[in-house]
Amino acid sequence: MNLLCGVLGVIFTLLFPDGVKTGFLLMGAAAVFDFLDGFAARKLGAYSEIGKELDSLCDMVSFGVLPSVMMVTTMALKRGEVKFFCFIPVIIAIFSALRLAKFNTDTRQKETFLGLATPACAMLCGSLCYNACAVPYGNISFLSGTLWFIPVLSVILSALLVSEIPMFSLKAAYPKASPAHMGRISFFTIVAIIAVMVAVMGLNWSVIVLMTFSAYILINLVFHAFPSTRGLGVE
């Protein structure tokens, strides 16, 4: 179901007028199926090598290819033309493949990630593209049509995907005194504040998703940058 949503998301993004918005909704559905798959595996103890590989192959389409296609399409739509710079977001798909291969062979990433997880990267890209199309005269829409914003963001996200920066998992259980637990508490607090602010200001709901995953990245970068909070359980 994860893979099916990813493939349909790519098709809708490329073929239909409002396809970018549908593509993001399908990406969200893929993320739900991806979570349920892992949840069921943990509860049932149903782990296998083929399941691990199949999960990554599905993620490559839904959280690697789909966000790349959405970013390329959004920039081209906002600029009204397809130029070389519009294709720079394709690197997200390439670095997502590297990230997934690295994750599958790295024994250090059992509970805490090293580098940005592909679903988090994809949801940030997808919510940005959705907002740019749903709010055509907003600031995000304007930035998405510039020559630099989406390409620069794509390069930054690609670097984070394969970085060695520890990033806490939203699913793993951490000791209460650990930096990872503190980071996660800070994250959920900020998400609650974001949701209230978006509701009060009457902004499009996609801003919640966009700011949530932006906050996730920033919190992890802050925890990594300062020695007193460095090390989220990964040596």
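The values are calculated or read from the model by the stated rules, or taken from the named source; none is laboratory data. Since the model is a prediction, treat every value here as computed from it, not as a measurement. All Cβ positions, glycine included, derive from the backbone under ideal geometry; neighbour counts span all protein chains shown.
Scanning the range 149-169 for residues that are in a loop (DSSP other than H, G, I, E, B) and either without any contact (Cβ under 8 Å) to a residue 40 or more places away in the chain or touching a Ser or Thr at 6+ places or on another chain (Cβ under 7 Å) (or both) yields 168, 169.
Residue-wise test of (1) over 23 Å from residue 26 (Cβ atoms); (2) modelled with pLDDT of 90 or more.
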residue	(1), (2)
126	no, yes
130	no, yes
134	no, yes
138	no, yes
144	no, yes
153	no, yes
169	yes, no
202	yes, yes
218	yes, yes
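Counting only residues that are surrounded by fewer than 18 Cβ atoms within 10 Å (Cβ to Cβ) and of a type in the set (D, E, K, R), the range 1-44 holds 4 of them. In the range 220-235, the residue that is nearest to residue 132 (Cα to Cα) out of those that are modelled with pLDDT of 70 or more and surrounded by fewer than 18 Cβ atoms within 10 Å (Cβ to Cβ) is 221. Do we have any residue at all in the range 19-26 that's modelled with pLDDT of 90 or more, under 12 Å from residue 1 (Cα atoms) and assigned to a helix (DSSP H, G or I)? Yes; the residues of the range 19-26 include at least one that is modelled with pLDDT of 90 or more, under 12 Å from residue 1 (Cα atoms) and assigned to a helix (DSSP H, G or I). Restricting the first member to the range 32-50 and to residues that are within 18 Å of residue 3 (Cβ to Cβ), and the second to residues that are in a loop (DSSP other than H, G, I, E, B) and not aliphatic (A, V, I, L, M), the beta-carbon pairs closer than 9 Å and six or more apart or on different chains are 35/171; 38/171; 39/171; 41/47; 41/48.
One residue is enough: does the range 38-57 have a residue meeting the conditions of a type in the set (Phe, Trp, Tyr), assigned to a helix (DSSP H, G or I) and over 23 Å from residue 8 (Cα atoms)? Within the range 38-57, one or more residues are of a type in the set (Phe, Trp, Tyr), assigned to a helix (DSSP H, G or I) and over 23 Å from residue 8 (Cα atoms).
Specify the residue that is farthest from residue 142 (Cα to Cα); the eligible residues are those in the range 79-127 that are in a helix (DSSP H, G or I) and charged (D, E, K, R).
Initial filter on the range 79-127 (in a helix (DSSP H, G or I)): 79, 84-105, 118-127.
Adding the requirement that they be charged (D, E, K, R) leaves 79, 99, 102.
Details: 79: 9, 99: 30, 102: 35 Å.
So, considering only residues that are in a helix (DSSP H, G or I) and charged (D, E, K, R), the one farthest from residue 142 (Cα to Cα) is 102.
What residue, among those in the range 195-211 that are part of a helix (DSSP H, G or I) and of a type in the set (Gly, Ala, Ser), is nearest to residue 119 (Cα to Cα)? Even if it seems obvious, please write down each step before you answer.
To start, the set of residues in the range 195-211 that are part of a helix (DSSP H, G or I) comprises 195-201, 206-211.
Now restrict to residues that are of a type in the set (Gly, Ala, Ser): 195, 199, 206.
Working: 195: 20, 199: 25, 206: 16 Å.
Checking each candidate, the answer is 206.
Within the range 87-104, can one find any residue that is charged (D, E, K, R), within 15 Å of residue 162 (Cβ to Cβ) and under 15 Å from the mean Cα position of the chain (by Cα)? Yes, that holds for at least one residue.
For the range 173-186, the tally of residues that are aliphatic (A, V, I, L, M) and either touching a helix residue (DSSP H, G or I) at 6+ places or on another chain (Cβ under 8 Å) or modelled with pLDDT of 65 or more (or both) stands at 2.
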